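Read through the structure below, which is laid out as structure tokens, and then see the notes.
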Amino acid sequence: MTGMEGPRAGNRNIESYALIAGAGGAVVGYVSGFIAFSGQLTGLGGSGSISGLAAAVSAIVGAIAFVLGYIRQSADEIRWRRRSLYRRVIDVLGLTLTGVGVAVLMIGSIFQVLQLAFRDLVLNSLTSSTLVAVTAGVTAYALFLIASQISTKTLASLLALFLVAGVFASMLTADDATWWQRNFSALGMGGNGSAQAFNLTIIVAGFAMITLADYLTMDLRSRPGPRGMRLRGVSVIRILLIIIGIALTGVGLVPVDVSVLAHNTFSSTALVGFAVLLVLVPTLLKGLPKGFVITTFVVIGVIVVGGVLFLIGYYNLTALELVAVLVIFAWLILFARNATGGQGDAWAPEPAAAQRVQRRRIGGVLVGALAVGAFLAGRLTRR
């Protein structure tokens with residue numbers, strides 16, 4: 001009974017704190033709505049609407065709730081205490097922006113649907129403030145719970161959901177209706193809000209990918225099996241994920257209209273990193289479920305077929321990129337779910353000397369990956 005009461009008590013505490021965060025978010029939302037909409041009638045969507053204020057307030061209170069929930073959950077973990085300050089900042093920043101980004105995109109979509117369902121509806125200040133309060137309260141409550149129970153599976157799902165939602169939102173709001181005739185990078189061109197949202201989505205996804213590398217490392221090292229083989233394979237996978245995260249961040253930081261060569265170098269590096277990851281995971285990591293290994297080879301086959309169809313002119317580059325992104329991130333979610341298994345050795349931080357060696361390896365592999373990416377980028381640019 002004592003062993004069962006511990007987890008139950010912990011869950012009750014998390015739920016209590018989440019409710020407090022939700023209540024605080026609701027209060028802030030109501031006060032903000034009352035000040036902004038006092039004495040006026042307001043629509044659900046559009047300029048100066050309930051949607052805009054609800055999203056802004058929810059982003060602020062949701063970010064605070066997520067940070068508090070994540071730090072509270074991580075404070076007692078060895079992984080957190082042994083990490084340097086800048087790695088902690090990257091973790092918190094990447095995860096918070098990802099969680100808040102998903103929430104804001106969902107809020108905007110919901111209010112947009114409501115606006116279409118209730119055309120020409122305007123609400124008084126009391127009702128408008130209440131809607132803002134409910135939205136902010138639910139957002140703070142949900143994000144606190146997610147942050148308090150973050151895991152490899154939830155992080156991978158959150159990353160994929162955020163990336164897909166952000167890209168599709170940019171597609172729907174793009175000023176250039178013919179962007180799809182070129183490639184996805186066209187969504188990040190220009191200084192409009194749609195382009196900035198696309199680039200920010202890719203940057204945040206890069207930070208989240210770097211954090212996911214650590215979570216996957218922790219889970220993979222807990223799997224049973226020969227320790228030496230396991231650690232060698234896991235270190236390679238971790239390096240690849242970090243390289244992909246850095247490359248994605250570069251894609252967002254350097255839009256194609258700023259530097260074609262640099263942008264294509266980062267995007268090619270991310271593509272090469274994903275391709276190598278798909279090939280090496282079933283090769284280096286023994287003991288993964290056979291169903292997942294078969295799925296990995298199916299994913300590789302789908303991407304290869306898509307590449308062949310692109311080369312013969314059946315698909316354009318945008319179609320190939322869309323298929324690759326959807327398939328790869330679906331696979332990444334499956335990888336995260338299958339990485340959590342076994343009750344082997346508990347994760348422990350590597351010695352400082354091993355960490356320095358690993359950092360040098362990451363740097364060396366990153367330089368090599370960027371060199372390959374630059375070569376491919378140069379070929380794409382000449383084409």
Quick calc: nm separation of the 7 Å Cα→Cβ label points for LEU41 and LEU116 -> 2.5 nm
Around LEU187 (Cβ within 15 Å, Cβ-to-Cβ, excluding LEU187; K/R +1, D/E -1) the net charge comes to -3
Projected area averaged over all directions for the convex hull of the alpha carbon atoms of the range 40-97, nm², comes out at 5.1 nm²
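What percentage of the solvent-accessible surface of the range 95-179, computed with a 1.4 Å probe over protein heavy atoms, is contributed by carbon and sulfur atoms?
Details: 2770 of 3850 Å².
Answer for the range 95-179: carbon and sulfur cover 72 percent of the accessible area.
What does the accessible area per residue of the range 19-66 come to in Å², with a 1.4 Å probe and no ligands, DNA or RNA counted? Please report the intermediate quantities before stating the final value.
Working: 2140 Å² over 48 residues.
That works out to 45 Å² for each residue.
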Per residue, accessible area of the range 246-335 with a 1.4 Å probe, heavy atoms of protein chains only, in Å², comes to 47 Å²
Output ordering of 20-27, 57-64 (per-residue mean of other Cβ within 10 Å, highest first) is 57-64, 20-27
Between ASN316 and VAL260, Cβ-based FRET efficiency (R0 22 Å, step 0.05) works out to 0.75
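With +1 on each Lys and Arg Cβ and -1 on each Asp and Glu Cβ, and nothing else charged, work out how big the dipole of the range 131-268 is about its Cα centre, in Debye to the nearest 20.
Details: 8 positive and 5 negative charges, 173 e Å.
Result for the range 131-268 is approximately 820 debye, rounded to the nearest 20.
May I ask you to give the average projected area over all directions of the convex hull of the Cα atoms of the range 177-217, in nm² rounded to one decimal? Show your work: numbers first, answer last.
Working: hull surface 13.9 nm².
With every direction weighted equally, the projected area is 3.5 nm².
The values are calculated or read from the model by the stated rules, or taken from the named source; none is laboratory data. This one's a predicted model, so the numbers in the text were calculated from it and none came from an experiment. Reconstructed Cβ throughout: ideal geometry from the backbone, glycine too, with neighbour counts over all protein chains shown. In case anyone asks, the SASA skips ligands and DNA or RNA and just uses the protein heavy atoms, side chains included. Shrake-Rupley method; radii C 1.70, N 1.55, O 1.52, S 1.80 Å.
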